[in-house]
Amino acid sequence: MRGNKFLPEELTVPAGATIVWVNEDPEDHDVLTRDLRVVSPVMKTGEIFTLVLSEPGSFAYLCDLHANMEGVVTVTAARR
């Protein structure tokens, strides 16, 4: 998170990969999916949130504190 944006805004990872969000802004941020299956704690500058998604699919998320911050993680089938 930098400049009140998720960078990159779109990310594709294989199932089981660890996704890491780092707050590089002076403002607090969080990460939550629209269906609320994922809700991070509020992160202060320098704090991180990690998540492992094991099911393929597309997961839209946003920062609840800054509604203009949105992103999408696409999870593909795990590599064999």
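Derivation of every value follows stated rules applied to the coordinates shown; laboratory data play no part. Keep in mind it's a predicted model, so treat the numbers as computed, not measured. No Cβ is skipped: glycine too gets one built from the backbone with ideal geometry, and neighbour counts run over all protein chains shown.
For residues that are touching a Phe, Trp or Tyr at 6+ places or on another chain (Cβ under 9 Å) and more than 15 Å from I19 (Cβ to Cβ), scanning just segment 64-80, find the one that is surrounded by the most Cβ atoms within 10 Å (Cβ to Cβ). Steps first, please.
Of the residues in segment 64-80, the ones touching a Phe, Trp or Tyr at 6+ places or on another chain (Cβ under 9 Å) are 69-75.
Filter once more, keeping what is more than 15 Å from I19 (Cβ to Cβ): 69-70.
Numbers: M69: 20, E70: 15.
This residue is M69.
I'm trying to understand the selection: among the residues of segment 1-52, which are acidic (D, E) and in contact with a His (Cβ under 8 Å, 6 or more places away or on another chain)? Lay out the reasoning, then the answer.
Filtering segment 1-52 down to residues acidic (D, E) leaves 9-10, 24-25, 27-28, 30, 35, 47.
Within segment 1-52, just E27 meets the criteria.
With respect to M43, is the statement that it is touching a Cys at 6+ places or on another chain (Cβ under 7 Å) and surrounded by 12 or more Cβ atoms within 10 Å (Cβ to Cβ) true?
Taking the combined requirement at face value, the residue does not satisfy it.
Considering segment 40-65 alone, what residues qualify as being of a type in the set (S, T, N, Q) and either touching a residue at least 24 places away in the same chain (Cβ under 8 Å) or part of a loop (DSSP other than H, G, I, E, B) (or both)? Before you say what the answer is, go through the steps one by one.
Of the residues in segment 40-65, the ones of a type in the set (S, T, N, Q) are 40, 45, 50, 54, 58.
Correct list: S40, T45, T50, S54.
Quick one: in segment 9-39, which of the residues that are without any contact (Cβ under 8 Å) to a residue 24 or more places away in the chain and closer than 13 Å to V73 by Cβ is surrounded by the most Cβ atoms within 10 Å (Cβ to Cβ)?
Top of the filtered list is V38.
Specify the residue that is farthest from V75 (Cα to Cα); the eligible residues are those in segment 40-53 that are in contact with a strand residue (DSSP E or B) (Cβ under 8 Å, 6 or more places away or on another chain) and among the hydroxyl-bearing types (S, T, Y).
The extreme case among them is S40.
Can you find a residue that is among the β-branched types (V, I, T), surrounded by 12 or more Cβ atoms within 10 Å (Cβ to Cβ) and within 18 Å of G3 (Cβ to Cβ) anywhere in segment 47-56?
no
May I ask you to list the residues in segment 1-33 that are under 12 Å from the mean Cα position of the chain (by Cα), in a loop (DSSP other than H, G, I, E, B) and more than 15 Å from H66 (Cβ to Cβ)?
Once the filter is applied, which keeps residues that are under 12 Å from the mean Cα position of the chain (by Cα), in a loop (DSSP other than H, G, I, E, B) and more than 15 Å from H66 (Cβ to Cβ), segment 1-33 yields only P8.
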